[in-house]
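Enquirer: Here's a structure for you.
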Amino acid sequence: MLAIFLDRPAVLTEILPMTDVILANFGASDAAVLDVALGRSKARGRLPFELPRSMKAVEAQAPAAPDDSRDPLFPFGAGL
């Protein structure tokens, strides 16, 4: 399991094959993240932005349209 704080989109393509689960949070407390990781609470939520597949995809995006890459690793709204 990878638990990661995402305050902005990140390129996680190289990390994805090394983990079965990505637990992304956007400002949750350490206690809340630990509760989910240990199964005491259920994970829920959706991505508020897409996670691009590569930096090349990021560079090709329009600055005013952050969710417009051709093949995102995880699209806007992905999640549980």
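Enquirer: Can you pull out the residues in the stretch 23-56 that are in contact with a Lys or Arg (Cβ under 8 Å, 6 or more places away or on another chain) and either in a loop (DSSP other than H, G, I, E, B) or touching a residue at least 24 places away in the same chain (Cβ under 8 Å) (or both)?
Expert: Phe49
Enquirer: Ala10 versus (1) more than 13 Å from the chain's Cα centre (by Cα); (2) part of a loop (DSSP other than H, G, I, E, B); (3) not charged (D, E, K, R): which is the lone unmet condition?
Expert: (1)
Enquirer: Scan the stretch 28-53 for residues that are more than 18 Å from Ala78 (Cα to Cα) and either acidic (Asp, Glu) or exposed (fewer than 12 other Cβ atoms within 10 Å of the Cβ) (or both) and jot them down.
Expert: Ser29, Asp30, Ala31, Asp35, Leu38, Gly39, Arg40
Enquirer: Please list, ordered by first then second residue, the pairs with beta carbon atoms under 7 Å, 6 or more apart or interchain, first in the stretch 67-80 and closer than 13 Å to Pro48 by Cα and assigned to a loop (DSSP other than H, G, I, E, B), second among the hydrophobic types (A, V, I, L, M, F, W, C) and modelled with pLDDT of 90 or more.
Expert: Matching pairs, first to second residue: Asp67/Phe49; Asp67/Phe76; Phe76/Leu47; Phe76/Phe49; Gly77/Leu47; Ala78/Leu47; Leu80/Ala43.
The values are calculated or read from the model by the stated rules, or taken from the named source; none is laboratory data. Every value quoted in this text rests on a predicted model; they were computed, and no experiment measured them. Counting neighbours? That spans all protein chains shown, and the Cβs are built from the backbone with ideal geometry, glycine included.
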